[in-house]
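First comes the structure, then the notes that go with it.
The values are calculated or read from the model by the stated rules, or taken from the named source; none is laboratory data. Predicted, not measured: the structure shown is a model, and the values here were computed from it. Cβ coordinates were reconstructed from backbone atoms using ideal geometry, including for glycine residues, and neighbour counts include every protein chain displayed.
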């Protein structure tokens, strides 16, 4: 019992590191596929599972964490069922809907903890980075959903590959804009504009919060 408690304490201590590592691993899926030569679908569901499990450590001490447990289980089931039965459309829609809610909830929790935390420390930095990565994943889910509902929403290279939409999402929120993937229809263009604004607004808010925390921490030490 004591060993279990110590293990839980260690997970809580490193929860932001665990969360960030799982997100970075998710983003680097193409690299893992290239290096390992393992089925891309298997690597995708494995990384998805790691993100969900890492989210448990973030949400463990929330008063009402039943929502995360519920949506986490639903997402976990749908991604593995889609892996086993890839030709069932309803499973893909279920995975897209549940993963959208999952990423949205986790990003909200991370942003809320970032704002409520009074001190400026490594935990705040890791949480802010994870929150930004979740915004990119949310955009990826939205873009993939739009392309699934209307295959003419985007034009460009490898748009049949789901990962392309996550790539495009991060290109959009960082306002890099390579131009290899382009939103072709007005709804896709509108969401792209929205994600670009959200990405820049998030960075501005995080910088302002960090400056405030840094000044507050320095004033207390002096």
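Confirm whether residue 192 is in contact with a helix residue (DSSP H, G or I) (Cβ under 9 Å, 6 or more places away or on another chain), crowded, with 20+ Cβ neighbours inside 10 Å, modelled with pLDDT of 90 or more and farther than 29 Å from residue 59 by Cβ. So that I can check it myself, show each step before the final result.
Values: in contact with a helix residue (DSSP H, G or I) (Cβ under 9 Å, 6 or more places away or on another chain): yes; crowded, with 20+ Cβ neighbours inside 10 Å: yes; modelled with pLDDT of 90 or more: yes; farther than 29 Å from residue 59 by Cβ: yes.
Yes; evaluated as a whole, the condition is true for this residue.
Among the residues of region 19-49, count how many are assigned to a helix (DSSP H, G or I) and within 19 Å of residue 135 (Cβ to Cβ).
The number of residues fulfilling the criteria is 12.
Could you tell me whether any residue of region 131-139 is surrounded by fewer than 17 Cβ atoms within 10 Å (Cβ to Cβ) and either more than 14 Å from the chain's Cα centre (by Cα) or within 21 Å of residue 170 (Cα to Cα) (or both)? Outline the logic, then answer.
Kept after step one, since they are surrounded by fewer than 17 Cβ atoms within 10 Å (Cβ to Cβ), are these residues of region 131-139: none.
For region 131-139, residues surrounded by fewer than 17 Cβ atoms within 10 Å (Cβ to Cβ) and either more than 14 Å from the chain's Cα centre (by Cα) or within 21 Å of residue 170 (Cα to Cα) (or both): absent.
Taking into account only those residues within region 79-125 that are surrounded by 17 or more Cβ atoms within 10 Å (Cβ to Cβ), farther than 16 Å from residue 23 by Cβ and modelled with pLDDT under 85, which is farthest from the chain's Cα centre (by Cα)?
Going through the qualifying residues, I end up with 120.
Can you tell me which condition residue 175 does not meet? The list is (1) assigned to a loop (DSSP other than H, G, I, E, B); (2) free of Cβ contacts under 8 Å to residues at least 24 places away in the same chain, and all the others hold.
(2)
Kindly evaluate residue 154 against the criterion of being more than 21 Å from residue 52 (Cβ to Cβ) and in contact (Cβ under 8 Å) with a residue 24 or more places away in the chain. Quick ask: steps written out before the conclusion?
Values: more than 21 Å from residue 52 (Cβ to Cβ): yes; in contact (Cβ under 8 Å) with a residue 24 or more places away in the chain: yes.
Yes; evaluated as a whole, the condition is true for this residue.
State yes or no: is residue 62 over 12 Å from the mean Cα position of the chain (by Cα) and assigned to a loop (DSSP other than H, G, I, E, B)?
Details: over 12 Å from the mean Cα position of the chain (by Cα): yes; assigned to a loop (DSSP other than H, G, I, E, B): yes.
It is true that residue 62 is over 12 Å from the mean Cα position of the chain (by Cα) and assigned to a loop (DSSP other than H, G, I, E, B).
Quick one: count up the residues across region 178-197 that are in contact with a strand residue (DSSP E or B) (Cβ under 7 Å, 6 or more places away or on another chain) and not in a helix (DSSP H, G or I).
Restricting attention to region 178-197, the residues satisfying the condition of being in contact with a strand residue (DSSP E or B) (Cβ under 7 Å, 6 or more places away or on another chain) are 180-184, 188-189, 192.
This time we only want the ones that are not in a helix (DSSP H, G or I), so: 180-184.
Final tally of qualifying residues: 5.
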